Amino acid sequence: MRKLVAGNWKMNGTGTSLAELEALKNSLAQSACDILVCPPATLIARAHWAIKGAFPLGGQDCSSKTSGAFTGDISAAMLKDAGAASVILGHSERRQYHGETDAQVAEKAKAAWAAGLTTIICVGESDGERQANKQNSICHGQITGSVPKGATAANTAIAYEPVWAIGTGKTPTNDEIVQMHAHLRSCLTESLGEGAKGMRILYGGSVNPSNAEQILNLAEVDGALVGGASLKAADFLKIIAAVRPH
Ligand code: PEP
């Protein structure tokens with residue numbers, strides 16, 4: 001399976017940031033992996049025109065509703081219309097700051113698929129949960145609750161993002177990543193059966209140009225979800241280049 005390197009710009013970027021996407025487009029040689037960039041929703045349409053389909057774009061969240069009186073929300077069809085092909089769902093910052101539950105994430109995933117978007121569904125334990133050695137049960141619960149039946153390799157990727165590794169410069173050891181990815185693979189098989197076959201499991205949390213090669217080339221890691229280091233084309237390109245062809 002080709003690995004996927006996805007960038008999550010979070011709430012960063014205005015029109016001037018489109019230059020980073022143009023730089024990315026101009027420097028993307030024959031990369032050994034698939035690429036996705038998820039800028040803020042306000043930039044998707046302009047980014048879509050600027051990069052002329054050089055790589056896919058995604059949103060960072062969507063509503064579970066199709067339309068109506070939901071001030072400030074953005075539907076999956078709106079993201080699609082703006083030029084998105086995918087959407088990140090259940091990011092820990094959505095769960096933490098907006099109180100998103102597993103059930104809501106699952107409803108959003110169904111809405112995204114119905115609109116023709118693929119989804120990246122995020123799971124991951126907090127620092128306290130890892131200290132208490134509860135990471136496996138926490139992630140099992142998140143997979144069971146957030147990933148609806150009907151998820152397949154074609155419409156969904158999972159991102160394992162330990163909350164304590166996001167934006168902190170800390171990363172799990174290679175062994176910890178391998179163990180968790182194997183655990184998530186078995187949770188997906190238990191929950192989805194055949195549907196789980198070939199589904200990408202990305203790692204996310206402080207991936208940067210210095211640690212990308214070591215993390216991205218682990219056999220159990222099918223790609224990365226990159227926050228801070230995706231904002232500058234030069235850094236993101238180094239991460240993309242770290243994926244070895246196989
Ligand atoms: C993220 O928020 O998805 C993320 C992985 O952030 P960072 O790479 O900055 O830790």
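The values are calculated or read from the model by the stated rules, or taken from the named source; none is laboratory data. All figures in this text were calculated on a predicted structure; none of them were measured in a lab. Virtual Cβ from ideal backbone geometry, glycine too; neighbours counted across all protein chains shown.
Restricting attention to region 204-246, the residues that are outside any helix (DSSP H, G or I), acidic (Asp, Glu) and without any contact (Cβ under 8 Å) to a residue 60 or more places away in the chain total 1. When region 86-98 is limited to residues that are closer than 14 Å to residue 40 by Cα and more than 13 Å from the ligand (Cβ to nearest atom), the one that is surrounded by the most Cβ atoms within 10 Å (Cβ to Cβ) turns out to be 87. Take residue 7 and decide whether it is in contact (Cβ under 8 Å) with a residue 24 or more places away in the chain and not in a strand (DSSP E or B). In short, no. Of 195, 150, all but one fail to be out of contact with any Pro (no Cβ under 6 Å at 6 or more places or on another chain), more than 16 Å from the ligand (Cβ to nearest atom) and not in a helix (DSSP H, G or I); the exception is 150. Restricting attention to region 1-37, which residues are more than 16 Å from the ligand (Cβ to nearest atom), surrounded by fewer than 18 Cβ atoms within 10 Å (Cβ to Cβ), aliphatic (A, V, I, L, M) and at pLDDT 95 or above? Matches in region 1-37: 18, 19, 23.
Inspection of region 149-157 identifies at least one residue that is in contact with a Gly (Cβ under 9 Å, 6 or more places away or on another chain), more than 20 Å from residue 92 (Cα to Cα) and without any contact (Cβ under 8 Å) to a residue 40 or more places away in the chain.
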